[in-house]
Amino acid sequence: MAEPSNSHLPRILCLHGGGTSAMIFKIQTRRLQWSLRQHFRFVFVDAPFESAAGPGVLPIFEGCGPYYKWVVPESTTPERDQQRVRQVLRKAIADDSGDGEFVGLLGFSQGGRMVAGLLAVQEEGEATGLPYWQFAVLLCASYPPLSMSNERARKEPKGPVDVHGEDPEPEEREIISIPSVHVRGTLDPHCEKGRRLAKYFNRETSVSMEFVMGHHLPGAAGDSTSSKGDTDAIRDAVLRAYAGDLNADRDAGSSANGINFAQNTV
């Protein structure tokens, strides 16, 4: 008996990490997809720029190229690069066979930085031809946000800058209020950068969740530190973000199975 179609469900656009692909990201998120299968349809898209395999991709995904990335370091054509990113996102949206509304973004690592950039553009009111995103999930995302705004790309730092040439703290006008869930691993070497990225999100409309894991999702191949309960906790936070109510996580402080719900004050 054929499974019922999920084409009517609201859709989440999924952005993979640097040096991977839509196909790999689909495999990496299989547990999260399964836990949310009755609520959303997941749509995966390849980034526009070919890349070498990213950290942790080999040897598990040997021969699964080509691999892609969302940004070209030291590019001399950043505005053209922004246009290419938007083009591939629009095409993925247009090509998907589902008819549910696009409501959310989900990004891992570099894809999470891109999600932050897309949300920032929406907050600024810039026309992009993309859907209106109601919420976002940033998985093991790093810092700084990938700018999809010409205004931000031209922004000059006000004072001393960090190693990325960025202001150490975001300005008030840069804070993103779109509901968001930030998932980090305490064993991830990029965990502190993820905490910095969370500063760009309004603490009243976002929640940060930290698990004892590395630069991957709970239940990844070879992971012995996380449990099914971790994926369930992420699922519940995603549903609350979609409903626009993340206060339950913030009030909880920490869960019975050791998950840290960190406020966005770090």
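The values are calculated or read from the model by the stated rules, or taken from the named source; none is laboratory data. It should be emphasised that the depicted structure is a prediction, and the values quoted were computed from it without experimental measurement. Here Cβ is always computed from backbone atoms with ideal geometry, including for glycine, and neighbour counts include all displayed protein chains.
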Task: Number of the exception - Glu126 against (1) under 20 Å from Lys193 (Cα atoms); (2) surrounded by 12 or more Cβ atoms within 10 Å (Cβ to Cβ); (3) at pLDDT below 85 - done: (1)
Task: Flag for Gly244 being at positive phi and modelled with pLDDT under 60 - done: no
Task: Any strands (runs of 3 or more DSSP E) falling wholly within the stretch 1-75 and containing at least 3 residues that are out of contact with any Ser or Thr (no Cβ under 9 Å at 6 or more places or on another chain), closer than 30 Å to Tyr132 by Cβ and in contact (Cβ under 8 Å) with a residue 24 or more places away in the chain - done: 11-15
Open item on the list: If I go through the stretch 42-101 residue by residue, how many of them are of a type in the set (Ser, Thr, Tyr) and closer than 22 Å to Ala127 by Cβ?
Closed with: 1
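To keep it simple, each residue is scored yes or no on (1) surrounded by fewer than 18 Cβ atoms within 10 Å (Cβ to Cβ); (2) over 21 Å from Gln28 (Cα atoms).
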| residue | (1), (2) |
| --- | --- |
| Thr77 | yes, yes |
| Leu106 | no, no |
| Met114 | no, no |
| Val121 | no, yes |
TODO: Would you please name the residue that is farthest from Arg240 (Cα to Cα), looking only at residues in the stretch 87-99 that are modelled with pLDDT of 95 or more and surrounded by 16 or more Cβ atoms within 10 Å (Cβ to Cβ)?
DONE: Val88
- [ ] Check the stretch 19-41 and report whether any residue there is within 19 Å of Pro144 (Cα to Cα) and either crowded, with 18+ Cβ neighbours inside 10 Å or in contact with a Phe, Trp or Tyr (Cβ under 7 Å, 6 or more places away or on another chain) (or both).
- [x] yes
Task: Single match in Leu118, Leu89, Leu106 (criterion: touching a strand residue (DSSP E or B) at 6+ places or on another chain (Cβ under 7 Å) and outside any helix (DSSP H, G or I)) - done: Leu106
Task: Matching option when the condition is surrounded by 14 or more Cβ atoms within 10 Å (Cβ to Cβ), farther than 25 Å from Tyr143 by Cα, of a type in the set (Gly, Ala, Ser) and modelled with pLDDT under 95, among Gly54, Gly65 - done: Gly65
